[in-house]
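First up is the structure itself, then whatever we jot down about it.
The values are calculated or read from the model by the stated rules, or taken from the named source; none is laboratory data. Quick caveat, the model's predicted, so the values are computed rather than measured. Positions of Cβ are backbone-derived with ideal geometry, glycine not excepted, and every protein chain shown enters the neighbour counts. Calculation scope for accessible area: heavy atoms of the full protein, side chains included, ligands and nucleic acids excluded. Shrake-Rupley method; radii C 1.70, N 1.55, O 1.52, S 1.80 Å.
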Amino acid sequence: MQVPGPIEYERATSVDHAVGLLERLGEEARLVAGGHSLLPMMKLRLANLEYLIDINDLHDELGHITVSDDEVRIGAMARHRELLESDELAAVFPIFRDAERVIADPVVRNRGTIGGSLCQADPSEDLSAVCTTLNASCVIRSSQGERVVSMEDFHRGPYETAVGHDEILTEIRVPVRPGGSSAYAKVERRAGDWAVTSVGSAVWMDGPTIADVRVGLAAVGPNTTGIPAISQALRGQEPSEELYAQAGRLAAENCNPATDSRGSADYKRHLADELTRRTLRTAVARIGQH
(Lines give C-alpha, C1' and ligand atoms only; values in the text may rest on other atoms or scores of the structure.)
Protein backbone atom coordinates (compact mmCIF):
# COMPACT_ATOMS: atom_id res chain seq x y z
CA MET A 1 0.00 0.00 0.00
CA GLN A 2 1.22 3.48 -0.86
CA VAL A 3 1.26 5.66 2.24
CA PRO A 4 2.89 9.03 2.98
CA GLY A 5 5.86 9.32 5.26
CA PRO A 6 5.33 10.62 8.82
CA ILE A 7 4.45 14.32 9.02
CA GLU A 8 3.50 16.96 11.55
CA TYR A 9 0.07 18.53 10.99
CA GLU A 10 -0.93 22.16 11.58
CA ARG A 11 -4.27 23.86 10.87
CA ALA A 12 -4.14 27.53 9.87
CA THR A 13 -6.88 29.85 11.14
CA SER A 14 -6.08 32.88 8.95
CA VAL A 15 -3.86 33.89 6.05
CA ASP A 16 -1.48 35.64 8.44
CA HIS A 17 -1.36 32.51 10.59
CA ALA A 18 -0.59 30.36 7.52
CA VAL A 19 2.21 32.71 6.44
CA GLY A 20 3.61 32.68 9.97
CA LEU A 21 3.61 28.88 10.02
CA LEU A 22 5.37 28.73 6.64
CA GLU A 23 8.04 31.11 7.88
CA ARG A 24 8.55 29.20 11.12
CA LEU A 25 8.49 25.69 9.70
CA GLY A 26 10.65 26.39 6.65
CA GLU A 27 10.96 24.77 3.25
CA GLU A 28 9.81 21.32 4.40
CA ALA A 29 6.27 22.63 5.01
CA ARG A 30 3.47 22.63 2.43
CA LEU A 31 -0.07 23.98 2.32
CA VAL A 32 -2.97 21.65 1.61
CA ALA A 33 -6.53 22.56 0.61
CA GLY A 34 -8.23 19.98 -1.63
CA GLY A 35 -5.11 17.82 -1.61
CA HIS A 36 -5.86 16.09 -4.90
CA SER A 37 -2.40 16.87 -6.31
CA LEU A 38 -0.27 16.93 -3.16
CA LEU A 39 -1.55 13.82 -1.37
CA PRO A 40 -0.95 11.40 -4.29
CA MET A 41 2.60 12.78 -4.56
CA MET A 42 3.08 12.19 -0.84
CA LYS A 43 1.77 8.63 -1.15
CA LEU A 44 4.29 7.94 -3.92
CA ARG A 45 7.02 9.62 -1.81
CA LEU A 46 7.59 12.11 -4.62
CA ALA A 47 6.93 14.81 -2.03
CA ASN A 48 8.67 14.14 1.28
CA LEU A 49 7.51 16.75 3.77
CA GLU A 50 7.95 17.30 7.47
CA TYR A 51 4.92 19.55 7.97
CA LEU A 52 1.48 19.83 6.40
CA ILE A 53 -0.50 23.06 6.92
CA ASP A 54 -4.24 22.64 6.39
CA ILE A 55 -5.83 25.88 5.07
CA ASN A 56 -9.43 24.71 4.66
CA ASP A 57 -10.55 27.06 7.44
CA LEU A 58 -9.45 29.97 5.23
CA HIS A 59 -12.35 29.51 2.81
CA ASP A 60 -14.34 32.36 4.35
CA GLU A 61 -11.34 34.64 3.81
CA LEU A 62 -10.19 33.34 0.42
CA GLY A 63 -13.26 31.70 -1.16
CA HIS A 64 -14.79 34.75 -2.82
CA ILE A 65 -15.81 35.29 -6.45
CA THR A 66 -16.31 39.04 -6.92
CA VAL A 67 -17.38 40.45 -10.30
CA SER A 68 -17.19 44.19 -11.00
CA ASP A 69 -17.35 46.27 -14.16
CA ASP A 70 -13.60 46.23 -14.73
CA GLU A 71 -12.27 43.20 -12.85
CA VAL A 72 -13.08 39.76 -11.52
CA ARG A 73 -11.42 38.74 -8.25
CA ILE A 74 -11.32 35.07 -7.32
CA GLY A 75 -10.01 33.94 -3.97
CA ALA A 76 -7.45 31.15 -4.11
CA MET A 77 -9.71 28.94 -1.96
CA ALA A 78 -12.66 29.18 -4.37
CA ARG A 79 -13.55 25.59 -5.15
CA HIS A 80 -14.08 24.16 -8.62
CA ARG A 81 -17.77 23.58 -7.89
CA GLU A 82 -18.21 27.24 -6.95
CA LEU A 83 -16.53 28.37 -10.16
CA LEU A 84 -18.71 25.99 -12.16
CA GLU A 85 -21.94 27.13 -10.54
CA SER A 86 -21.32 30.91 -10.54
CA ASP A 87 -23.73 32.41 -13.09
CA GLU A 88 -22.18 35.83 -12.54
CA LEU A 89 -18.73 34.52 -13.46
CA ALA A 90 -20.05 32.58 -16.46
CA ALA A 91 -21.80 35.69 -17.79
CA VAL A 92 -18.48 37.54 -17.96
CA PHE A 93 -16.08 34.66 -18.66
CA PRO A 94 -17.91 31.55 -19.95
CA ILE A 95 -14.50 29.92 -20.40
CA PHE A 96 -14.49 29.09 -16.66
CA ARG A 97 -17.70 27.07 -16.89
CA ASP A 98 -16.47 25.37 -20.08
CA ALA A 99 -13.30 24.27 -18.30
CA GLU A 100 -14.88 23.30 -14.99
CA ARG A 101 -17.33 20.98 -16.74
CA VAL A 102 -14.40 18.83 -17.90
CA ILE A 103 -12.22 18.98 -14.79
CA ALA A 104 -12.09 15.64 -12.98
CA ASP A 105 -15.35 14.59 -11.28
CA PRO A 106 -17.81 15.97 -8.69
CA VAL A 107 -15.78 14.63 -5.76
CA VAL A 108 -12.68 16.52 -6.89
CA ARG A 109 -14.65 19.63 -7.85
CA ASN A 110 -16.26 19.76 -4.40
CA ARG A 111 -12.88 20.00 -2.65
CA GLY A 112 -10.26 21.16 -5.15
CA THR A 113 -9.44 24.88 -5.40
CA ILE A 114 -8.27 27.24 -8.10
CA GLY A 115 -5.25 28.14 -5.99
CA GLY A 116 -4.22 24.52 -5.68
CA SER A 117 -4.61 24.02 -9.41
CA LEU A 118 -2.43 27.01 -10.29
CA CYS A 119 0.22 26.25 -7.67
CA GLN A 120 0.55 22.66 -8.87
CA ALA A 121 1.70 24.18 -12.20
CA ASP A 122 1.09 20.99 -14.14
CA PRO A 123 1.53 21.69 -17.89
CA SER A 124 -1.76 19.84 -18.47
CA GLU A 125 -3.74 21.85 -15.91
CA ASP A 126 -6.97 23.35 -17.25
CA LEU A 127 -7.28 26.47 -15.08
CA SER A 128 -3.70 27.49 -15.80
CA ALA A 129 -4.63 27.63 -19.49
CA VAL A 130 -7.83 29.52 -18.66
CA CYS A 131 -6.04 32.14 -16.57
CA THR A 132 -3.32 32.53 -19.20
CA THR A 133 -5.97 33.02 -21.88
CA LEU A 134 -7.64 35.76 -19.82
CA ASN A 135 -4.35 37.54 -18.98
CA ALA A 136 -4.96 37.06 -15.27
CA SER A 137 -2.68 38.21 -12.46
CA CYS A 138 -1.90 36.40 -9.21
CA VAL A 139 -1.71 38.02 -5.78
CA ILE A 140 0.96 36.50 -3.52
CA ARG A 141 1.20 37.37 0.17
CA SER A 142 4.06 37.11 2.62
CA SER A 143 4.83 38.74 5.95
CA GLN A 144 6.29 41.64 3.94
CA GLY A 145 2.98 42.35 2.18
CA GLU A 146 1.44 41.57 -1.19
CA ARG A 147 2.87 41.41 -4.69
CA VAL A 148 1.06 40.91 -7.98
CA VAL A 149 2.54 38.86 -10.84
CA SER A 150 1.25 38.01 -14.31
CA MET A 151 0.50 34.42 -15.29
CA GLU A 152 3.58 34.48 -17.50
CA ASP A 153 5.73 35.29 -14.47
CA PHE A 154 3.74 33.10 -12.07
CA HIS A 155 4.51 29.86 -13.90
CA ARG A 156 8.27 29.50 -14.14
CA GLY A 157 8.21 25.98 -15.55
CA PRO A 158 6.57 22.59 -15.02
CA TYR A 159 5.61 22.28 -11.33
CA GLU A 160 7.42 25.51 -10.49
CA THR A 161 5.81 28.85 -9.60
CA ALA A 162 6.78 32.30 -8.34
CA VAL A 163 5.34 31.50 -4.88
CA GLY A 164 8.14 31.26 -2.35
CA HIS A 165 8.25 28.71 0.46
CA ASP A 166 7.09 31.37 2.95
CA GLU A 167 4.36 32.84 0.71
CA ILE A 168 0.75 32.01 -0.17
CA LEU A 169 -1.31 32.66 -3.29
CA THR A 170 -4.37 34.56 -2.09
CA GLU A 171 -6.23 35.82 -5.17
CA ILE A 172 -6.53 35.73 -8.94
CA ARG A 173 -7.48 38.97 -10.70
CA VAL A 174 -8.87 38.99 -14.22
CA PRO A 175 -9.38 42.24 -16.16
CA VAL A 176 -12.83 42.74 -17.70
CA ARG A 177 -12.92 44.43 -21.11
CA PRO A 178 -15.98 45.36 -23.17
CA GLY A 179 -16.98 43.52 -26.32
CA GLY A 180 -15.42 40.21 -25.38
CA SER A 181 -16.15 36.56 -24.72
CA SER A 182 -14.28 33.29 -24.36
CA ALA A 183 -14.42 29.52 -24.76
CA TYR A 184 -12.54 26.36 -23.76
CA ALA A 185 -12.31 22.93 -25.37
CA LYS A 186 -10.50 19.78 -24.30
CA VAL A 187 -9.79 16.34 -25.68
CA GLU A 188 -9.25 13.66 -23.02
CA ARG A 189 -8.94 9.89 -23.07
CA ARG A 190 -11.84 9.48 -20.65
CA ALA A 191 -14.16 11.82 -18.78
CA GLY A 192 -12.36 13.86 -16.14
CA ASP A 193 -8.88 12.85 -17.25
CA TRP A 194 -5.92 15.12 -17.82
CA ALA A 195 -6.04 16.71 -21.25
CA VAL A 196 -4.48 15.16 -24.30
CA THR A 197 -4.67 18.74 -25.56
CA SER A 198 -6.85 21.65 -24.51
CA VAL A 199 -7.24 25.21 -25.74
CA GLY A 200 -8.78 28.38 -24.36
CA SER A 201 -9.56 31.42 -26.49
CA ALA A 202 -10.66 34.93 -25.58
CA VAL A 203 -11.76 37.44 -28.23
CA TRP A 204 -12.63 41.14 -27.99
CA MET A 205 -14.46 42.80 -30.86
CA ASP A 206 -14.58 46.43 -31.98
CA GLY A 207 -17.59 46.52 -34.27
CA PRO A 208 -17.08 43.97 -37.04
CA THR A 209 -13.34 43.51 -36.44
CA ILE A 210 -11.24 41.74 -33.84
CA ALA A 211 -9.70 44.22 -31.41
CA ASP A 212 -7.67 41.61 -29.54
CA VAL A 213 -7.41 37.87 -29.02
CA ARG A 214 -5.53 35.53 -26.71
CA VAL A 215 -5.11 31.77 -26.95
CA GLY A 216 -3.82 29.55 -24.15
CA LEU A 217 -2.86 25.88 -24.51
CA ALA A 218 -2.43 23.02 -22.08
CA ALA A 219 -0.70 19.62 -22.31
CA VAL A 220 1.39 20.59 -25.36
CA GLY A 221 4.57 21.84 -23.73
CA PRO A 222 5.44 24.50 -21.17
CA ASN A 223 4.65 27.54 -23.35
CA THR A 224 1.01 28.55 -22.95
CA THR A 225 1.61 32.29 -22.73
CA GLY A 226 -1.03 33.80 -24.96
CA ILE A 227 0.67 32.93 -28.28
CA PRO A 228 1.51 36.47 -29.48
CA ALA A 229 1.70 35.32 -33.11
CA ILE A 230 -2.04 34.58 -33.09
CA SER A 231 -2.85 37.92 -31.48
CA GLN A 232 -0.81 39.78 -34.08
CA ALA A 233 -2.31 37.89 -37.00
CA LEU A 234 -5.96 38.34 -35.98
CA ARG A 235 -6.06 41.92 -34.69
CA GLY A 236 -7.96 44.24 -37.03
CA GLN A 237 -9.38 41.35 -39.07
CA GLU A 238 -12.98 40.32 -39.53
CA PRO A 239 -13.76 36.83 -38.17
CA SER A 240 -13.90 34.11 -40.82
CA GLU A 241 -13.21 30.41 -41.19
CA GLU A 242 -10.01 31.29 -43.07
CA LEU A 243 -8.87 33.41 -40.13
CA TYR A 244 -9.65 30.64 -37.63
CA ALA A 245 -7.68 28.21 -39.80
CA GLN A 246 -4.70 30.56 -39.79
CA ALA A 247 -4.88 30.80 -36.00
CA GLY A 248 -5.06 27.02 -35.73
CA ARG A 249 -1.93 26.61 -37.83
CA LEU A 250 -0.11 29.14 -35.66
CA ALA A 251 -1.19 27.30 -32.49
CA ALA A 252 0.20 24.05 -33.88
CA GLU A 253 3.47 25.75 -34.84
CA ASN A 254 3.89 27.47 -31.47
CA CYS A 255 3.47 24.47 -29.17
CA ASN A 256 5.98 21.78 -28.26
CA PRO A 257 4.15 18.57 -27.37
CA ALA A 258 5.83 15.29 -26.49
CA THR A 259 4.85 11.83 -27.64
CA ASP A 260 3.55 9.85 -24.66
CA SER A 261 0.82 7.45 -23.61
CA ARG A 262 -1.83 10.05 -24.42
CA GLY A 263 -0.83 10.45 -28.05
CA SER A 264 1.87 11.38 -30.53
CA ALA A 265 3.30 14.85 -30.85
CA ASP A 266 1.78 15.17 -34.33
CA TYR A 267 -1.67 14.19 -33.03
CA LYS A 268 -1.44 16.79 -30.25
CA ARG A 269 -0.42 19.48 -32.74
CA HIS A 270 -3.44 18.52 -34.86
CA LEU A 271 -5.65 18.91 -31.79
CA ALA A 272 -4.10 22.29 -30.97
CA ASP A 273 -4.98 23.42 -34.49
CA GLU A 274 -8.55 22.09 -34.45
CA LEU A 275 -9.42 23.17 -30.89
CA THR A 276 -8.08 26.67 -31.53
CA ARG A 277 -10.45 26.99 -34.48
CA ARG A 278 -13.40 25.71 -32.44
CA THR A 279 -12.83 27.93 -29.41
CA LEU A 280 -12.31 31.06 -31.49
CA ARG A 281 -15.49 30.32 -33.42
CA THR A 282 -17.44 29.79 -30.19
CA ALA A 283 -16.03 32.89 -28.48
CA VAL A 284 -16.96 35.11 -31.42
CA ALA A 285 -20.45 33.59 -31.61
CA ARG A 286 -20.96 34.28 -27.90
CA ILE A 287 -20.12 37.95 -28.40
CA GLY A 288 -22.93 38.11 -30.94
CA GLN A 289 -25.33 36.63 -28.38
CA HIS A 290 -24.80 39.42 -25.82
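Observations on the structure shown:
- Heavy-atom accessible surface of H155, to the nearest 10 Å², is about 50 Å², with a 1.4 Å probe and all protein chains retained.
- Here the 3J(HN,Hα) profile of the stretch 143-154, calculated from phi with Karplus coefficients 6.51, -1.76 and 1.60 at θ = phi - 60°, is 5, 8, x, 9, 9, 10, 10, 6, 4, 4, 7, 5 Hz, Gly and Pro shown as x.
- Summing +1 for each Lys or Arg and -1 for each Asp or Glu among the other residues whose beta-carbon sits under 12 angstrom from that of S201 gives +3.
- In terms of packing, defined here as the mean over residues of other Cβ atoms within 10 angstrom, the peptides 268-275, 230-237 line up highest first as 268-275, 230-237.
- Distant-in-sequence amide H partners of R11 (H built 1.01 Å from N, under 5 Å): D54
- Net charge contributed by nearby residues that have their C-beta within less than 11 Å of E28 (K/R +1, D/E -1): -2
- Loop-located trypsin sites (Lys or Arg not before Pro) in the stretch 1-57 whose Cβ has at most 14 other Cβ within 10 Å (DSSP): R45
- Here is how the number arises for the chain: DSSP H runs of 4 or more residues each give -39500 (n - 2.57), the sum is divided by the residue count, and the result at 222 nm is -10500 deg cm²/dmol.
- Springs between Cα atoms under 10 Å define the GNM used for the chain, and in it the highest mean-square fluctuation of V72, V148, V107 occurs at V107.
- Under 5 Å from the amide H of D122 lie the amide H atoms of Y159, each residue being 5 or more positions distant or on a separate chain, with H modelled from the backbone and absent for Pro and chain starts.
- Comparing N256, N48, N135 in a Gaussian network model of the chain where C-alpha atoms under 10 Å apart are linked, the largest mean-square fluctuation is found at N48.
- Net charge of Cβ neighbours under 10 Å - reference R262; Lys, Arg +1; Asp, Glu -1: -1
- A dipole drawn for the stretch 1-69 from +1 and -1 charges on Cβ atoms has a positive end, and of I53, G20, T66 the residue lying farthest that way is I53.
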